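Working notes, beginning with the structure itself.
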Amino acid sequence: MQNKSDRPILITGGCGFIGSHLVDHLLQQGEQVICIDNLNDFYNPEIKRLNQKAHFDYETYTFYEGDIRDSNFVNTVFNNHDIGTVIHLAAMAGVRPSINDPLLYTDVNITGTQILVEAMVKRAVKKFIFASSSSVYGNNEKIPFSEDDGVDSQVSPYGATKKMGEILCYTYYHLYGIPTTCLRFFTVYGPRQRPEMAIHKFVRKMLKGESIPFFGDGNTARDYTYIDDIIHGILQALIADDDFMIYNLGNSEPIKLIELVDIISELTGQTANLDKQELPKGDVLQTYADITRAKQRLDYEPRTGISEGIKLFIDWYESMRSQYGTLFK
C-alpha cells in the first residue's frame, strides 16, 4: 500500500469505468479524493452514477458535476481545495465515434486538457498523471509497441487527440516543472466497462441470443488488459519518482478477434452468431504493448489472463443485470 498523500487527489472522469475503480482504491487507502465528471450521455449517465454510489459513503470523497472545458468551473474546484495530485482520465473515448464527430473530440480532449493544466500551473500541484492510449501508435509496423517508437502516423481523430495531449503534457512540464506521467492504456476491460466496447457488447448480445458485429476476417488483435492490472499501474505511477515519463500499460499478449469470440462463446455457453462487416476506417490491425519500462520502473506485472478476466466480467454483468434490469440489457 502506498503512503497516504498529505493533500487531496483530483480525478477527472472519476465516475467512468477506469476512474471509478481508481476512486475505489484511493478511498480505501484513506486518500482524500476530489472527483470531476460531467456525466455526459456517451452512454447512460445512470450507469456512471451507479459506479460512484459507494464513494459517497466516504467523508473523504467530494464530487463536482461539471465540464473540464469550463475554465471557471475548473478554477473553482482548485480554489476550493489544496490539490496536490491530478489524475486526468476525463476524455471523449473511442476510435469510431471520433471519426463521426472529430470537433467534439478535439474540444474535449485537447481544449479540456489545456484548461486543466493551466489551472494546475497556478497552484503548487506536485504530480500530474495523464491517461493516454495505445491508439497513439496507429498502425505501427514494429511490434511490440515501445514508448520509444515514433507516433506520428495517426489513423483516427481520437488517437491524434491523445498524442496532442501527451505533447501538451510535455510542454507544460518543460515550462513549469510539474512531474508528469503519461500512461498509454491498452484496451482495458472488466467490470464497469463501457457498453459499446467489444467484450461488454459481445457478452450482452450473446446472452440475449443476438448477432454480434464482427469486423474484418477475425485476425485483428488487441492487447486486452484487465482493469485491476491497469489500476495497479496507475497507483505505481502515482508514487514513482519520475520527472516526465511515458509508460505502456498493457497485458503484452494480443488476442485475435476470432479467439475473443470463441472464449466468450465458451464462457457464456452461447453460440456466436456473427454479423460480418468490413473493417471500419480508423481501426488498427493490432495492438501489442512492450511493457519492459513499466516492469522495470513501476514494478508493473499484469496478473489476469483473458479467460479469467472475461469470466470475472461475465459474473459482474449477470449480477448487475439481475439487480438493475434495463440498465444492463
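The values are calculated or read from the model by the stated rules, or taken from the named source; none is laboratory data. Note that the structure is a prediction, hence the values are computed from the model and not measured. We place every Cβ from the backbone using ideal geometry, glycine too, and count neighbours over all the protein chains shown.
Okay, residues lined up against (1) assigned to a loop (DSSP other than H, G, I, E, B); (2) crowded, with 18+ Cβ neighbours inside 10 Å:
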position	(1), (2)
276	no, no
280	yes, no
284	yes, yes
296	no, no
304	yes, yes
312	no, no
315	no, no
320	no, no
323	no, no
*Go through the range 14-48 residue by residue and tally those that are of a type outside the set (D, E, K, R), within 15 Å of residue 67 (Cα to Cα) and surrounded by 21 or more Cβ atoms within 10 Å (Cβ to Cβ).*
7
*Could you tell me which of the residues 165, 190 is closer than 21 Å to residue 254 by Cα and not acidic (Asp, Glu)?*
190
*Single condition residue 105 does not satisfy, out of (1) without any contact (Cβ under 8 Å) to a residue 60 or more places away in the chain; (2) within 26 Å of residue 126 (Cβ to Cβ); (3) surrounded by 18 or more Cβ atoms within 10 Å (Cβ to Cβ)*: (2)
_Selection within the range 59-90 - among the hydroxyl-bearing types (Ser, Thr, Tyr) and surrounded by 17 or more Cβ atoms within 10 Å (Cβ to Cβ)_ = 61, 62, 64, 85
_Here is a check on your reading of the model: is residue 229 in a loop (DSSP other than H, G, I, E, B) and either modelled with pLDDT of 95 or more or not polar (S, T, N, Q) (or both)?_
no
*Take the residues of the range 152-170 that are out of contact with any strand residue (DSSP E or B) (no Cβ under 6 Å at 6 or more places or on another chain) and hydrophobic (A, V, I, L, M, F, W, C): which is surrounded by the most Cβ atoms within 10 Å (Cβ to Cβ)?*
160
*Pairs only if they're at least six apart or on different chains, beta carbon under 8 angstrom, first in the range 144-161 and at pLDDT 95 or above, second part of a loop (DSSP other than H, G, I, E, B) and hydroxyl-bearing (Ser, Thr, Tyr); list them, first residue then second.*
144/252; 144/288; 145/287; 145/288
_Residue pairs, Cβ under 8 Å, 6 or more apart or interchain, first in the range 42-64 and of a type in the set (Val, Ile, Thr), second surrounded by 13 or more Cβ atoms within 10 Å (Cβ to Cβ) and part of a strand (DSSP E or B). List them._
60/33; 62/33; 62/34; 62/35
_Qualifying position, being over 30 Å from residue 254 (Cα atoms) and at pLDDT 95 or above, among 130, 73_ = 73
*asked:* For the structure I just gave you, tell me whether residue 262 is assigned to a helix (DSSP H, G or I) and crowded, with 16+ Cβ neighbours inside 10 Å.
replied: no
*For the subset of the range 204-226 comprising residues that are closer than 24 Å to residue 191 by Cα and of a type in the set (Gly, Ala, Ser), which member is modelled with the lowest pLDDT?*
209
*asked:* Checking the structure you have, find out if any residue of the range 136-143 is among the charged types (D, E, K, R) and either over 29 Å from residue 77 (Cα atoms) or loosely packed, with under 14 Cβ neighbours inside 10 Å (or both).
replied: yes
